[in-house]
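Undergrad: To start, I am sharing the structure in question, which I have written as structure tokens.
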Amino acid sequence: VFPGSHHLLQTHFQQHGIAGIAGRGWEALPTPEALQARTPEQVCLRAGDAVLLPYLTGHAVAPNATPKTRCMAYFRLFAPTHPQYQYKKETFFSPWEDWAYLRET
């Protein structure tokens, strides 16, 4: 993961809004170089471990250098205040908007 990259994207969306994503997709986001300005950190886990990250956190896949199959599941958490199966626009500007406990930690 790229620590702190969620702050970069949050600031980007606060300044530019989110409408550009619908029309321009990836081109509307900061450059990969800007996201990678921070040194990435590998997250090593054991079977059964879980990681919770704001969805704005930049991340990439690392190659599997072992003979074992690596499985992962990716879930998106929705707060009760989110429209069903849709993102809530406000969370692009404040990712922990609906997660008071995480906002305070």
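Undergrad: Go through the residues of region 56-65 one by one and say whether even a single one is under 16 Å from residue 1 (Cβ atoms) and part of a helix (DSSP H, G or I).
TA: no
Undergrad: Let me ask you something else. Name the residues in region 24-50 that are open to solvent by 70 Å² or more (accessible area, probe 1.4 Å) and either over 30 Å from residue 70 (Cα atoms) or of a type in the set (A, V, I, L, M) (or both), would you?
TA: 24, 27, 37, 43, 45, 47, 50 - these are the residues of region 24-50 that are open to solvent by 70 Å² or more (accessible area, probe 1.4 Å) and either over 30 Å from residue 70 (Cα atoms) or of a type in the set (A, V, I, L, M) (or both).
Undergrad: Anything in region 56-69 that is closer than 21 Å to residue 18 by Cα and open to solvent by 80 Å² or more (accessible area, probe 1.4 Å)? List them, or say none.
TA: Scanning region 56-69 gives a single hit, 59.
Undergrad: Just give me the residues in region 71-90 being outside any helix (DSSP H, G or I) and of a type in the set (D, E, K, R), in sequence order.
TA: Within region 71-90, 76, 88 meet the criteria.
Undergrad: Test residue 39 against the criterion of being touching a residue at least 40 places away in the same chain (Cβ under 8 Å) and assigned to a loop (DSSP other than H, G, I, E, B), and give yes or no.
TA: no
Undergrad: Among all residue pairs at least 6 apart or on different chains, which show Cβ distances below 9 Å where the first residue, located in region 68-89, is in contact (Cβ under 8 Å) with a residue 60 or more places away in the chain and the second is part of a loop (DSSP other than H, G, I, E, B)?
TA: The qualifying pairs are 89/18.
Undergrad: Turning to a different aspect of this structure: What are the pairs, 6+ residues apart or on separate chains, where a residue within region 7-20 that is open to solvent by less than 60 Å² (accessible area, probe 1.4 Å) has its Cβ under 7 Å from a residue that is in a helix (DSSP H, G or I) and of a type in the set (Phe, Trp, Tyr)?
TA: 13/92; 18/92
The values are calculated or read from the model by the stated rules, or taken from the named source; none is laboratory data. None of the values given here were measured: they were computed from a predicted structure. Cβ atoms come from the backbone with ideal geometry, glycine included; neighbour counts cover every protein chain shown. Note: areas computed on protein heavy atoms with side chains; ligands, DNA, RNA excluded. Shrake-Rupley method; radii C 1.70, N 1.55, O 1.52, S 1.80 Å.
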